[in-house]
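What follows draws every value from the coordinates through simple rules; no lab data is involved. Predicted model only: the values in this text are computed from it and were never measured. Reconstructed Cβ throughout: ideal geometry from the backbone, glycine too, with neighbour counts over all protein chains shown.
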Amino acid sequence: MVESVVDVVVNAVPLLMGPLIAGAGWSTLRRPDEIPHVASGGPRWTQRCWSVGFVLLGVTVTALGGFGLAGREEVWPVGLVRLLGVGLVVSSMTVAAVCRARNRRRSARGPGLGEG
């Protein structure tokens with residue numbers, strides 16, 4: 001089995017980047033006050049979903065690189081977990097963006113009739 005250098009590099013990059021992605025998710029899971037702006041502004045559960053999704057993405061990207069270097073096809077549960085991680089990240093970012101927009105609109109409108 002002869003692989004070119006390009007194939008090895010293409011499979012080694014996810015293997016090296018996966019732990020960094022998972023580490024970023026893990027650190028924001030442990031310290032929710034350091035979450036990026038993209039996932040902030042919503043309820044606490046959106047921040048946790050973003051962090052867990054990033055951990056899942058990091059683990060599955062690492063597995064993708066490992067399967068590629070071994071010359072094997074990825075097993076279907078790994079792809080399913082990656083899809084779950086992407087769903088968690090995208091949905092939490094969407095909910096956070098809607099909450100931020102709602103808060104901006106509420107603060108721009110000022111106090112209502114019964115407030116103040």
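Helix-only mean residue ellipticity at 222 nm, the chain, DSSP H runs n ≥ 4 weighted -39,500 (n - 2.57), per residue, nearest 500. What is it?
Values: 3 runs with 87 residues, N = 116.
Using -39500 (n - 2.57) per qualifying helix, the result is -27000 deg cm²/dmol.
Computed about its Cα centre, the charge dipole of the chain is approximately 860 debye, with only Lys, Arg, Asp and Glu carrying charge at their Cβ. Dipole of the chain computed with +1 at Lys/Arg Cβ and -1 at Asp/Glu Cβ about the Cα centre; of 9, 21, 41, farthest Cα towards the positive end is 41.
Candidate values (1) 37; (2) 43; (3) 47 were compared with percent of Cα pairs over 24 Å apart computed on the shown model; the agreeing label is (2). Nearest 10 degrees, 0 to 90: what angle lies between the long axis of helix 44-70 and the longest principal axis of the chain (Cα atoms)? That works out to roughly 10 degrees.
Scalar couplings 3J(HN,Hα) for segment 73-89, obtained by applying the Karplus form with A = 6.51, B = -1.76, C = 1.60 to θ = phi - 60°, are 7, 5, 6, 5, x, 5, x, 5, 5, 5, 4, 5, x, 4, x, 5, 5 Hz; x denotes Gly and Pro.
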